[in-house]
Structure formats: C-alpha cells, structure tokens
1. Which residues, if any, in region B:203-252 have at least 40 Å² less accessible area in the whole protein complex than in the isolated chain, probe 1.4 Å?
2. In Å², nearest 100, what accessible area do chains B and A bury in total when the solvent probe is 1.4 Å?
3. Put a label point 7 Å from Cα along the Cβ direction on A:Ser34, then list its distances to the equivalent points in the other copies in nm, shortest first.
4. Lys and Arg at +1, Asp and Glu at -1: add these up for the other residues within a Cβ distance under 10 Å of B:Asn87 and post the number.
5. Between copies, how far apart are the A:Gln256 label points? List them in nm, one decimal, shortest first, with each point 7 Å from Cα toward Cβ, please?
6. Under a point-charge model restricted to the Cβ atoms of Lys and Arg (+1) and Asp and Glu (-1), what is the dipole moment magnitude of the protein assembly as shown relative to its Cα centre, in debye to the nearest 20?
7. What nm distances, shortest first, do you get from the label point of B:Asp46 to those in the other copies when the point sits 7 angstrom along Cα to Cβ?
8. Suppose we compare each residue of region B:127-147 in its chain alone and in the full protein complex with a 1.4 Å probe; which ones drop by at least 10 Å² of accessible area?
2 protein chains.
Amino acid sequence: MRQPHFIDSQNLKTNNTNKQSVTVHDVARVAGVSKSTVSLVLRGSDKASDRAKEKVLKAIEETGYVYNREAAAMRSKSSDLVAIVINDLTNPYSANLAVALEKHIRELGLMATLVNTSENALTQTQIVAKLQEYRVKAFIICPTPNTQASWLNQLQKPHTQVVSIMRQVDGSQVPCVLPNNEMGAYNATKALIARDHKHIAFIGGDAAISDYHQRLAGFNKAAKEQNDIQTWVFNSTTNRHGGRLAMSECLAQVPQVESVVCFNDIVAYGVIEYLAEQNLKPGADIGVIGFDDLDDSKLMSVPLSTVKIDANDIAKAVCHILKNDTQKGLTQVPVALIERSS
Amino acid sequence: MRQPHFIDSQNLKTNNTNKQSVTVHDVARVAGVSKSTVSLVLRGSDKASDRAKEKVLKAIEETGYVYNREAAAMRSKSSDLVAIVINDLTNPYSANLAVALEKHIRELGLMATLVNTSENALTQTQIVAKLQEYRVKAFIICPTPNTQASWLNQLQKPHTQVVSIMRQVDGSQVPCVLPNNEMGAYNATKALIARDHKHIAFIGGDAAISDYHQRLAGFNKAAKEQNDIQTWVFNSTTNRHGGRLAMSECLAQVPQVESVVCFNDIVAYGVIEYLAEQNLKPGADIGVIGFDDLDDSKLMSVPLSTVKIDANDIAKAVCHILKNDTQKGLTQVPVALIERSS
DNA sequence: AATTACTCTTGGAACGTTCCATTTTACCTT
DNA sequence: AAGGTAAAATGGAACGTTCCAAGAGTAATT
C-alpha cells in the first residue's frame, strides 16, 4: 500500500542568496571555545561550566545565531516534533482540544504541529506519510472513520509514539485516551430522571463514530435502571441543523417527551433553537442536556446543562503517555455533569 | 530581544533502538544504480531515464525506504514547511481559514504546519522563533494585537517569505491579504437602506482589531451617502454573548432601530438570540446582517443574511503571493453580500 | 570512422549538528 | 609537591541527503 514516492514540490521562487548562515563554528570562534562546547551549552547540558555558558550565550547574542534543528535532528536521529492529527478542525470541540494539546506539548519542551484530515481517511494517510518523512517523535491522532487498525499499528516505530484520542479503532494496539462517554451520558440521564421525567429521548449523533455508541450506552443504562422510563433515539448529522431537525422529528412523533440528552452541545444548540421556534422554554418545558461544554454553552440565554469534557485533562493524559512511553491500552478521562438552567 | 537560547526538551523516553534505517544507499544497492540516481528519481527529476526510475521505485517498495526530509532540507538549505500562524483557532472563521490554507498549501506540494497563538503576542514571538529553527519556507500569519511592525519585517529573510492575513499591521512591509471589509460593510448597509430603513446600528466588535475600523468605515460611508439615515454604534466582545448584550443595549437606548449590521456572524447569532427572547423576528421586525458566512448561518431557523468571505479566495491569494514571491503590499479579496431572510 | 552533441550516470564533497574517545584542566588528598 | 580523580573541553567522524564536476554511453552529423 506504499505510495510511489515522488517529491513534487512545484518549485517556488527560492531566492537562493547564498549568504552563509551563522553556525556553531562561528559562535565557537567568537566565544573562544570549541564547537562541541557550544553544542553542550545549546542543549542545556550541565557538563559545560558556568563560565563557558556565559561566553557562549554572549556569542550567540552577538552573532545572531539561529539553531538549525534539521541538522540536529539528522545527527541525533530524533526530532522534537509532535504531530497532532485532527479529524475536523472546524468542529469547535476539536479546535479546543487541538489548542489544549498544543499548549501542553509546548510545555513539555516539544514542538507541536497541527494538521487536519477533514474526516477523510485518504487525506489522513497522505498527511501522515509526509509527516513520517520529518521523523516526528509522536503522532497524536483522532482517527477518521474507516481508519484501519493495521495502519494505525504500523505507525508505531522505535522512534515514533502513537496515541489515539477521542475515538477508538477496533483492534488497534496503540494507547488511546477517551473521555468517559458512557459515564457522562449515564449521569446526564440520571439527572433528568431525578427531575421525575419518564419520557426521555437521545438526540443526534452518527452511528459511524465510536463516541456515539458509548454515549448511547450510558443513556440506555441509566434508563434501564428504572422500569418506568420510556426512551427514544433520533439520529442526525452532528451539527446545529441536525439537532434542529432531530428535535422537530422528536416532538412530532413523541409529543409527550419531557427531556432530551443531546449527543453534543452543537446538537443541543439546534434543539434549543427549534424549541424557541415552538415557544418552548428549555429547562422549564423540556429538559435539555448537552455534551462537551463549549464556551458558548454557559452564556446562552438559557444556560445549557451539559457534560463537560475538559480538553486540558485529555491533553494531560496524552502527555503523560508521551512522557512515560506507556503502552497501556485505554485511558478514560473523567467527565463532569454541569447542571445549569436547561 | 533575542531569547537566551536553550533547548530544554525534558527528555522523554527515547527508546533508542539503533536499528539502522534504510537510506538512499540501500535503495541504490538494491536497484543497482548510484545514490545520485536514486536522489534524482526521488525528486522527480527528468534527468533520470525511465528505466532507472522504474528500478528505483521497485527498490523503494522492496526496502520500505522512507525519505528523510531533515537530511534533505539540511543539505539543500531549503525546507518545504509552511507555517500557518493563527491568532485564535477556537474562532470558527479562523479555523475555516486555517483549513482552507492548509489544503491549498498541500496542493502546492508543500507541507503546512498549523500553530495557534491565542491572541498573545509573546506566545506568537516564542512560537515563531522556534519555527525559524526549522527553516520554514514561509510564514502565513494572522498577527495578534500589539504585533510590532519591526518584528514582522525582520521575519522576512532570503529563504523565508512572510504574508500577513486578515489583519494589517501599521508600518509593516510584508505583503498582506485582506477581505474587502469596507466594501462588504458598505454593501450590507446599502441593502438595509434599500429596505427603506432609516435607523440603523452597527453592533459588536472590538476597536483593537483592524477589521473593525474597516467594517465600520464601510457602514458609515453608506449611511452618509443619504442624509436621512441615523446611525448608532454598540461595541462588544466578539462572541455570541457580546452580541446579545450589545443588542439588548441597543434596543434599550434606540427602540426605533430598524436594522443592524453585525461585526460578524457570531455576534449576529447573539443578536438573533436576544431578538428571539424579545419575540422579535429577524428580517420581519428587525433587519440583521452578519459578516463571514459561517456554515451555520444558512441553516438557522431564520437564515442569516451576511457578507461572505470565501476562505478559499484568501488562501488562493496567499498561495499566489507565495508562488510568485511578490512583495506587493495589499491584496484585497472581494466579498459577497448574501441576502437571506434576516 | 571520427567528431560532435547530448543524455544519463556517478563518486566525492558538503550541509550543520551531535556523538565519542581522548586530552586538558581543576580540584582534592596525602 | 606529587599523585589521583573527576570535571570540562575538544577535534574528528558521522548522520542521510543534495550538489557538482566529470565520466560514460548513445545518437546524430560530418
């Protein structure tokens, strides 16, 4: 399945003024030490004396030296690039997560590079193949639908870690970090049952994604714990429009519905929009709980109750795996039910 | 202002199994040609015979060779990395734009890497400094507030292009690609005037950003062309919540307002939300026009009229500058008024 | 058949760093 | 002051590619 390997950069104007760049040699000369010492100082080694460090830093300042990571990576056979491969950056939750991951990776002293696959498995393959040519240290990947477990597995190399996030690929051997979807949906549903609601629907989401099944499982589990609860499920595309359509269908078919658990906040926004059109007030007339806790959710006219997935927690779990090179299969990150007015 | 230069990657487990990797030499040996020929084939040169190409491609397949871009970049002193430096990826329009840029850059045969500055000038400085160590070919940068023109200018190097997008930094010499903000707001306002509205407000936005002034200028220009138009301006934070607050203030102070031009779609969403609370119907009771044309806008219960900024157009303009290395100052990308029901 | 012209191929040097084995320096201890 | 030991500094080799100048092969022209 290897692609024939061409390097087809249509050559851009390269402006190749051959001005010699400043190297460790130049810094060494100015500082009056050897290039090896400069290298030690650059890497923050404690094998260089304070006096040497001082001289070298001054020389760096004077010469305007810029570290050449390509050369370093080539010699040391290890890069500090971490690739964050996101399925859909236009999804607000994904974007949040990407930003959190980037921040935590930077705090680890590594360089994060973000790429977007647009939920397209072929694009994912191509981008990842190209990133491999940069010898990235790690892939943090939210796999597109139809990602092959075997493909994911073979990405793991002695010098390359792989962590999959948010979605689980059946049969894959790579460590995976997920929010506790089932628990979240379970708690949300329980909260609605505690309002004495007996007619509850699960709204939105797409069966092609593993989250969906986990959240739905939590929903069903909570409902089945009591034998007087009736439930319905209405799927939809995972956006605001889908939420609106699913809610309209729900109200048409199940007028007695008392509350809904939404696949995520975006879907919940669509639900709320539809309810407003019908002059129904979220919380008062129909209970609505979302999933994700987007920034907007607490600021809506009726603040949205939701299950918060803390992107920082996900990022921390991922970084923990990176640091310790644990091969442990699954890390479930706790989620928190946040009850607001809806 | 150069940072003392430490490379402080807390060392992660490196798993340094010294399994020799496959190089051009190995491929050459298997293919029965010289390493130079392999290199030519890899770069898609037409100086290699078809027969040689074939042998090399087969050998690549056999050996499982992976191109080492770090080595290539070091020797050739040119990378094919293009950095997209985005001010705020959690903003849906920025995310859209980033995705479009990434796609177009990939089509150019280059590798895009996305980083996020969270509107923080210091973070921007740090990230860009690190990217310079990778010898990126180009920076496409949406500058944070308080970006210094001198800093932006000195990023331009013989081997590094810089293009600023969406925001203009006063005094900077780098090429800049902007949507035609003034024209967009002008046309939006004109469209409201054509509805025979005489009392029009400009809602939302933050005076720290250059777009704001351009859009407001277009608004004012349209209003002043006729001498019976009264206008008001209500600033806000640039999010949904801000839109809601600004609209509530507007209705309180200017009950006779007939329509509003919003700084962007997100603000317009907040405006619409507030109108719904007051039982006012967008379009019928109060005209609302947004800016950006986010995906959700056409799908709202009352489809939002808006000024569309096509992210692909921006991306194309940027790529045109990259390809031709034009130093031309300002490229204004046309925008389109899309009248829907609001 | 010799000359020219052109296409294709090639080995060695080079890119800027880190690694490593070795030497130099500094610091104790007696 | 001599010896021993650890810390600091160093020069050359190496990483895997591309560049370059030159060589080999082939076809066309005389």
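1. B:Arg240, B:His241
2. 7900
3. Reported distances to equivalent positions: 3.5 nm.
4. Combined, the nearby Lys, Arg, Asp and Glu give -1.
5. List, nearest first: 5.4 nm.
6. Details: 72 positive and 70 negative charges, 684 e Å.
Its charge dipole is roughly 3280 debye.
7. Copy-to-copy label distances at B:Asp46, shortest first: 6.0 nm.
8. Output list: B:Ile127, B:Lys130, B:Leu131, B:Gln132, B:Glu133, B:Tyr134, B:Arg135, B:Lys137.
The values are calculated or read from the model by the stated rules, or taken from the named source; none is laboratory data. Note that the structure is a prediction, hence the values are computed from the model and not measured. All Cβ positions, even for glycine, are placed from backbone atoms using ideal geometry, and neighbour counts span all protein chains on display. To get the accessible areas, we keep the full protein, side chains included, count just its heavy atoms, and leave off ligands, DNA and RNA. Shrake-Rupley method; radii C 1.70, N 1.55, O 1.52, S 1.80 Å.
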